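Q: Questions regarding the structure given below will be posed in turn.
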Amino acid sequence: MSDVETEPTADAATTTSEDSTEATGSRLDEMPILRVDDLVKRFGGITAIDGASFEVERGTITGLIGPNGAGKSTTFNCITGVHEPSEGSVVFEGTDITSRRTHQIATEGLVRTFQIARELPEMTVLENMMLAPQGQLGESLWRSVAPIARREVVREEEQLRQRAWDTLEFFEIDHLAHDYAGTLSGGQRKLLEMARALLTDPEMMLLDEPMAGVNPSLEKKLLEHVHELQEQGYTFLLVEHDMDVIMNHCEHVIVMHQGQVLAEGPAAEIKSNDEVIEAYLGGEV
């Protein structure tokens, strides 16, 4: 009797598809959310990053530290598409995002904040928030003017406005919603920038010196929000010079020196690493 090949039934095909999806999701959950391999960035004859490699585990708060000029911000810029790496690769959620543009990387779920907050000062806090979500229907000219499509634009805008209010309330700056962003204090601007980043629906946030210029009470709030978001499943990589923040709030610490990764590991281990103390900390932490 000859062998006869039969096509799978609809139920079998559905089950196979579901199993495949679950397996893919499981693999993604197990792998690092971000992997940087042999990253190099040259500016003319200057090598700012010299073969840096590291990984960030999903759901963690990871610190990236090092002396001025170590290559931390340049690494952030290469990861998020501000600079194009000279060599090496950046893989996010299993996808190679090396050399992609910043908005494309943000669409993938990887966003960043800056050491100096980049709000739009002549717009209100709420207006700044409303600009954050990508791919809004109102960005299309024809949808904005065509009667039927216009209703969809208005409906989406109402939903986005509610999300913006909810996010401002989460960061405890909803009382500033109608203030011009340019009138905010340094700490309030950091809260606004993080709130705005959250509206892009990221999986991971890169925070560049989030505590710089922030008073102690707002710093405490920022850290509380970071931990709350971590509990919700978000991942953080932060550059920070405040060693108390790094040692008390990061599960894993990566130390850069002269464009390379000098050491990495748990905060307690980094704190007692002689090479780190000599190269960066200059003494006991």
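Every read-out reported here was derived from the displayed coordinates using simple, explicitly stated rules and does not represent laboratory data. A quick note: this is a predicted structure, and the numbers were derived from the prediction, not measured. Because the Cβ atoms are built from the backbone with ideal geometry, glycine has one as well, and the counts that use them run over all protein chains shown.
Q: What FRET efficiency comes out for the pair GLU231/GLU275, r = Cβ-Cβ distance, R0 = 22 Å, nearest 0.05? Spell out each step's value before the answer.
A: Values: r = 33 Å, r/R0 = 1.52.
Efficiency, rounded to the nearest 0.05: 0.05.
Q: Can you list residues whose amide H is under 5 Å from THR124's amide H, if they're 5+ apart or on another chain and H is modeled 1.01 Å from N?
A: When sequence neighbours closer than 5 places are left aside, the close amide H contacts are ALA181.
Q: Using 1/(1 + (r/R0)^6) with R0 = 22 angstrom and r between the beta carbons of GLU84 and THR107, what's the FRET efficiency to the nearest 0.05? Let's see the in-between values first.
A: Numbers: r = 18 Å, r/R0 = 0.81.
Once the sixth-power term is evaluated, E becomes 0.80.
Q: Just flag the GluC sites (Glu not before Pro) in region 207-285 sitting in loop per DSSP whose Cβ has no more than 15 other Cβ atoms within 10 Å. Mind showing how you got there, number by number?
A: Values: sites: GLU219, GLU224, GLU228, GLU231, GLU240, GLU251, GLU264, GLU269, GLU275, GLU278, GLU284; in loops: GLU240, GLU251, GLU284.
For GluC sites (Glu not before Pro) across region 207-285 that sit outside H, G, I, E and B with at most 15 neighbouring Cβ atoms in 10 Å, the list reads GLU251, GLU284.
Q: Mind checking Rg over Rh on region 222-274, alpha carbons, Kirkwood formula for Rh? Before the final figure, lay out each step's value.
A: Values: Rg = 12.1 Å, Rh = 12.1 Å.
Here the Rg-to-Rh quotient is 1.00.
Q: Considering the zone a paramagnetic label at MET31 would reach in this model (a point 7 Å from Cα along the Cα-to-Cβ line), which residues of region 50-89 have amide N under 15 Å from it?
A: Under 15 Å, as judged by backbone N against the label point of MET31, lie 55-58, 89 of region 50-89.
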